[in-house]
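The values are calculated or read from the model by the stated rules, or taken from the named source; none is laboratory data. Since we're looking at a predicted model, the values are computed, not measured. A quick note on method: Cβ atoms are made from the backbone with ideal geometry, for glycine too, and the neighbour counts reach across all protein chains shown. Keep in mind that these areas ignore ligands, DNA and RNA; they rest on the heavy atoms of the full protein, side chains included. Shrake-Rupley method; radii C 1.70, N 1.55, O 1.52, S 1.80 Å.
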Amino acid sequence: MQERSLAPPSVTSVGQDESIGRIAIRNDHVLRNNSPVLQQNGLPPLVSALKASAEQNVASFHFPGHNRGRAAPASLTRLIGTRPFVHDLPELPELDNLFCPQGPILEAQTEAAKLFGSSQTWFLVGGTTCGIQAAIMATCSPGEFLILPRNSHISAISALVLSGAVPKYIVPDYENDWDIAGGVTPLQVLKAIQELEMEGKKAAAVFITSPTYHGICSNLSEISELCHSHKIPLLVDEAHGAHFGFHTELPNSALQQGADLTVQSTHKVLCSLTQSSMLHMSGNIVDKEKISRCLQTLQSTSPSYLLLASLDAARAQLSESPDVVFNQAMALAYEAKCTLKRIPGISVLENSSFPTFPAIDPLRLTVGFWKVGLSGYEADEILYGDYGVVCELVGNKSITYAFNLGTCRDHVQRLLSGIKHLAATYVTIQQPEERVLTVHAPFDDKITSLIPRDAFFASKRKVTIEESIGEISGELICPYPPGIPVLIPGEVITKKAVDYLFHVRSKGGDITGASDPLLSSIVVCNV
């Protein structure tokens, strides 16, 4: 029986032989085909330069030591072949210089700027982490104030250590049923700006995460207008939103909403290699030369040309058919959500859970299991063990799945079958009240005693976890993923934070950053 499409009229479902950009959907497999656009116009500039350089007949006496694959480790070549090593080249003259681009890197970055709508784009080989650090370092000098949400990614906290900036935290909205933090409202940003002004201080920058890991978007248009009216640059961690603005059902990108600097993980929903990202700038509030200097400080002087070329290739792939490339993924995500909402005991995160925010990324699917008496960790263990379903993010009460250009119907059906079976099995034998602990945001009552930089360099000692209550944290400790710190160096340790960490561990979550992974002890500052 043919399955009825549940996609809305604005989302085009793709048939078995219909192509989207360079992706052809056929028999539920994702196949790469030869794009007529690439055949006509040639390869993307950096990909072309890397190909030409690798094909030269040269006597090579340069790094890396595998010598264009001749000495590549057999254990790895048996896995991936020798071609990646052949193209793993250093900064040869014909390949340009990442820190002073004048050739193919410059051309590739210029093409990316055109596609994403920036005045300048930088390629990153240190992930979005180094882009966020550069953005904050370029706008905040030691002692200056940065307004940012308390649930910012760990990279923003490390940027506070590197820059010496003073955090002015905003506590984000929190949805207790889901145990998920939301975004930041314009009113919260205005309040933070005004509180600093009342003390005779001014924010050097405002930093917003949008979308969040769960896809929750803040109203960046209003926030950018607010920031610019106070002559404050807006920096956006858009790690999970590189695809925004490329479909009518997707939210507008941060640049389209007026952000001055935005950092995107091109490797997340788009198709570059892991660890490759882009930093985009718009307008002239931020000094672009300072950004370049910060990136030169933070990035490797031996960048991977495989990573750089993958950014160029991902840009070219998106450029071929930007208006329709996400049709298949959007249709599958929509159908999956409609099916899941009909399963008793299963919850699907929707905008109604966070009504004060304009959108949730339609390619992010967050499923709640507390009504069938399971934590997210327990449900994930079942779905992975029994159905081979690998998720993107596990939480206390939910699991988040990421749809992308490679998502196929067969995998979606496996996910839906697994959840249907799980719900049918557990809803009849367990009551959720007995299995799921109600928790609250562990960062809504924090007191900062030292700025992160001072705490990072302070002398420290180790105490038992019981003795740590009331002390100043010397460690950055967070459940990972998503990498949102529960304890930040310089903050007073609370019983709520400690209880939350133990709760996460009891449910199977991983805790990173702690010198004692068992959490029997913790490092505190000698202050």
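Details
- Any hit, region 171-178, residues being touching a residue at least 12 places away in the same chain (Cβ under 8 Å), of a type outside the set (A, V, I, L, M, F, W, C), within 23 Å of I132 (Cα to Cα) and not in a helix (DSSP H, G or I): yes
- Enumeration of residues in region 355-404 that are open to solvent by 10 Å² or more (accessible area, probe 1.4 Å), in contact (Cβ under 8 Å) with a residue 12 or more places away in the chain, hydroxyl-bearing (S, T, Y) and closer than 20 Å to R505 by Cα: Y377
- Picking from residues in region 55-95 that are aromatic (F, W, Y) and free of Cβ contacts under 8 Å to residues at least 40 places away in the same chain, the one that is surrounded by the fewest Cβ atoms within 10 Å (Cβ to Cβ) is F61.
- The residue that is most open to solvent (accessible area, probe 1.4 Å), counting only those in region 302-321 that are in a loop (DSSP other than H, G, I, E, B) and at pLDDT 95 or above, is S302.
- I193 falls short on exactly one of the conditions (1) without any contact (Cβ under 8 Å) to a residue 60 or more places away in the chain; (2) of a type outside the set (D, E); (3) assigned to a loop (DSSP other than H, G, I, E, B), and that condition is (3).
- D177 vs. criteria crowded, with 18+ Cβ neighbours inside 10 Å and among the charged types (D, E, K, R): no
- For region 280-288, the count of residues that are within 14 Å of the chain's Cα centre (by Cα), more than 30 Å from R68 (Cα to Cα) and touching a residue at least 40 places away in the same chain (Cβ under 8 Å) is zero.
- Residue tally, condition part of a loop (DSSP other than H, G, I, E, B) and aromatic (F, W, Y), over region 93-131: 1
- One residue from P104, P172 being over 27 Å from D312 (Cα atoms) and touching a Pro at 6+ places or on another chain (Cβ under 9 Å): P172
- Residue that is farthest from the chain's Cα centre (by Cα) [pool: residues in region 197-229 that are under 30 Å from P479 (Cβ atoms) and in a helix (DSSP H, G or I)]: I223
- Note on region 12-80: enclosed helices (runs of 4 or more DSSP H) holding 1 or more residues that are at pLDDT 95 or above are 45-54, 74-80.
- The set of residues from region 273-297 being of a type outside the set (V, I, T) and in contact with a strand residue (DSSP E or B) (Cβ under 9 Å, 6 or more places away or on another chain) comprises Q275, S276, S277, M278, L279, H280, M281, S282, K288, S292, L295.
- Residue check, S272 in the same structural domain as T139 (by the TED database), out of contact with any Leu (no Cβ under 7 Å at 6 or more places or on another chain) and either assigned to a strand (DSSP E or B) or of a type in the set (S, T, N, Q) (or both): no
- Per-region count, region 450-475, residues open to solvent by less than 30 Å² (accessible area, probe 1.4 Å) and either under 18 Å from V166 (Cβ atoms) or outside any strand (DSSP E or B) (or both): 9
- Long-range neighbours under 6 Å by Cβ, at least six apart or interchain, first residue assigned by the TED database to the domain that holds Y334 and over 13 Å from A333 (Cβ atoms) within region 410-421, second of a type outside the set (F, W, Y) and loosely packed, with under 15 Cβ neighbours inside 10 Å: D410/D28
Yes/no matrix, rows are residues, columns are (1) surrounded by fewer than 21 Cβ atoms within 10 Å (Cβ to Cβ); (2) part of a loop (DSSP other than H, G, I, E, B); (3) modelled with pLDDT under 95:
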| residue | (1), (2), (3) |
| --- | --- |
| A138 | no, no, no |
| S141 | yes, yes, no |
| L146 | no, no, no |
| I157 | no, no, yes |
| V161 | yes, no, no |
| P167 | no, no, no |
| V184 | no, yes, no |
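- When the residues of region 481-523 are filtered to those that are touching a Cys at 6+ places or on another chain (Cβ under 8 Å) and assigned to a loop (DSSP other than H, G, I, E, B), the one that is farthest from H153 (Cα to Cα) is G490.
- Within region 331-349, restricting attention to residues that are farther than 17 Å from N404 by Cβ and touching a Ser or Thr at 6+ places or on another chain (Cβ under 9 Å), the residue that is surrounded by the fewest Cβ atoms within 10 Å (Cβ to Cβ) is K341.
- Hey, I343 of a type outside the set (S, T, Y) and assigned to a helix (DSSP H, G or I) or not: no
- Breaking point among (1) under 20 Å from the mean Cα position of the chain (by Cα); (2) open to solvent by 20 Å² or more (accessible area, probe 1.4 Å), for R150: (2)
- Some residue of region 322-330 being closer than 30 Å to H87 by Cα and open to solvent by 20 Å² or more (accessible area, probe 1.4 Å): yes
- Once region 227-239 is narrowed to residues that are in contact with a Leu (Cβ under 8 Å, 6 or more places away or on another chain) and open to solvent by less than 30 Å² (accessible area, probe 1.4 Å), the residue that is nearest to G183 (Cα to Cα) is V236.
- Among the residues listed as H243, H280, the single one being in a strand (DSSP E or B) and open to solvent by less than 10 Å² (accessible area, probe 1.4 Å): H280
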